[in-house]
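Colleague: Have a look at the structure that comes next, please.
No lab work stands behind these numbers, since they all come straight from the coordinates. Please read these numbers as outputs of a predicted model, since none were measured by experiment. FYI the Cβ positions are ideal-geometry reconstructions off the backbone, even for glycines, and counts take in every protein chain you see.
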Amino acid sequence: MTDAIRAYHDPDRARRYHTQHAFDPPRKARMFEVMLDTLRALIPAGGRVLELGAGSGDFTKVLLDSGFFSRIEATDGAEEMLSLAQSEITAEQVSFRLLDFTRPWSAPEPLDAIVSSMALHHAPDKLFSFQQAFQALRPGGVLVIGDHIAGATPHTHRLISLERARVKQIPEAQVPDWILQDEQAQAAQGNICEPLDVYLNVLQQAGFMHVDCLWRDHWMAVVLALKPYE
Ligand SMILES: C[S@@+](CC[C@H](N)C(=O)[O-])C[C@H]1O[C@@H](n2cnc3c(N)ncnc32)[C@H](O)[C@@H]1O
């Protein structure tokens with residue numbers, strides 16, 4: 001079990017994540033919109049989608065409510081998170097699976113799409129996790145990742161941290177301490193955030209094409225990658 005899975009497997013932590021608002025709800029909502037629009041633009045209606053690190057089902061509900069997919073498989077490494085999702089999502093086209101994306105996995109049938117929201121930053125070896133997604137997709141299938149990224153340089157990373165403090169309305173005098181605490185809290189959650197370039201390069205190394213960032217706002221980004229037909 002990875003540190004991140006252990007952290008989210010803790011029932012108190014899982015329940016807190018599920019019941020508290022996201023760190024920044026408007027940004028997360030915009031990220032979801034871009035992810036869904038991208039899927040709708042690229043795969044036929046009625047497709048099969050698998051979600052990595054679905055947690056308590058925030059994006060799973062968006063996928064379900066869109067009415068666009070025939071099958072949605074919501075997966076997560078932490079049983080506690082998955083059971084929270086399962087307690088709220090009972091639609092028959094959604095299934096659930098305990099799946100650790102740091103270990104080998106496969107899908108019974110090639111998938112039209114794989115999605116992941118705010119989870120793959122927990123993967124220590126991003127190449128391995130992207131290669132696993134690549135092998136599970138059908139030719140022409142898409143991987144759409146919305147994730148928590150780092151700044152490209154210490155300077156831009158600092159700007160991102162300042163924006164996080166602004167979102168949380170931290171009084172100016174407390175910002176330096178708050179930023180330190182924020183970094184420590186993220187490390188304790190098993191966050192391994194990488195700059196956007198790393199995502200784009202590693203996805204290409206995994207064999208994907210048309211790798212691009214479709215939206216970015218400070219620490220959140222939506223990245224698209226397509227599996228070639230040949
Ligand atoms: C920040 S939460 C995001 C949950 C949800 N996707 C959302 O957008 O609200 C991160 C999720 O990633 C899961 N996770 C972390 N490491 C994982 C791994 N190695 N394999 C599968 N899931 C993992 C955690 O259990 C947690 O549910």
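Colleague: Determine which lysines satisfy two conditions relative to Lys168: a Cα distance under 23 Å, and not lying fewer than 8 residues away in the same chain.
Modeller: Lys28
Colleague: Continuing with this model, one more query. Please state the charge dipole magnitude for the stretch 1-91, taken about the Cα centre, from unit charges on C-beta atoms (+1 on K and R, -1 on D and E), reported in debye and rounded to the nearest 20.
Modeller: So the dipole magnitude of the stretch 1-91 works out to roughly 220 debye.
Colleague: Mind checking which helices in the chain clear 15 Å along their axis (Cα) and have mean Kyte-Doolittle hydropathy of 1.6 or more, DSSP H runs only? Each step should come with its number before you reach the end.
Modeller: Values: long enough: 25-42 (26 Å, -0.14); 126-136 (16 Å, 0.05); 154-167 (20 Å, -0.60); 175-188 (19 Å, -0.40).
Within the chain not a single helix satisfies the rule.
Colleague: Could I ask something else about it? For Asp37 and Ser106 in the same chain, what is the full-extension length gain: residue separation times 0.36 nm, less their Cα-Cα distance, in nm? It would help to have the intermediate numbers written out before the result.
Modeller: Numbers: separation 69, 0.36 × 69 = 24.84 nm, distance 2.59 nm.
Value of the extension gain: 22.3 nm.
Colleague: Now a separate question. Roughly how big is the chain's charge dipole about its Cα centre, with Cβ charges of +1 (Lys, Arg) and -1 (Asp, Glu), in debye to the nearest 20?
Modeller: Details: 21 positive and 30 negative charges, 39 e Å.
Here the chain has a charge dipole of around 180 debye.
Colleague: Lysines near Lys227 by alpha-carbon distance under 20 Å, same-chain residues fewer than 8 away left out - which ones?
Modeller: Result set, ordered by chain and number: Lys126.
Colleague: Once every Cα of the chain carries one equal point scatterer and solvent is ignored, give the base-10 log of I(q)/I(0) from the Debye formula at q = 0.15 Å⁻¹, two decimals.
Modeller: Those come out to -1.01, one per q.
Colleague: Turning to a different aspect of this structure: Suppose the Debye formula is applied to equal point scatterers at every Cα of the stretch 83-196; what is log10 I(q)/I(0) at q = 0.21 Å⁻¹?
Modeller: For the stretch 83-196, the Cα-only Debye profile gives -1.19.
Colleague: Rounded to the nearest 5, what is the percent of antiparallel bridges among the DSSP beta bridges in the chain?
Modeller: Values: 13 of 34 bridges.
Approximately 40 percent, going by the DSSP bridge assignments.
Colleague: In nm, give the distance between the simple-model label positions of Ser95 and Thr156, each being 7 Å from the Cα along the Cα-to-Cβ direction.
Modeller: Here the modelled spin labels are 4.1 nm apart.
Colleague: Take Ala22 and Asn201, extend 7 Å from each Cα along the Cα→Cβ direction, and tell me the distance between the two endpoints in nm.
Modeller: 2.8
Colleague: Please give the contour-minus-distance gain from Ser83 to Leu127: 0.36 nm per residue of separation, less the Cα-Cα distance, rounded to one decimal in nm.
Modeller: 13.0 nm
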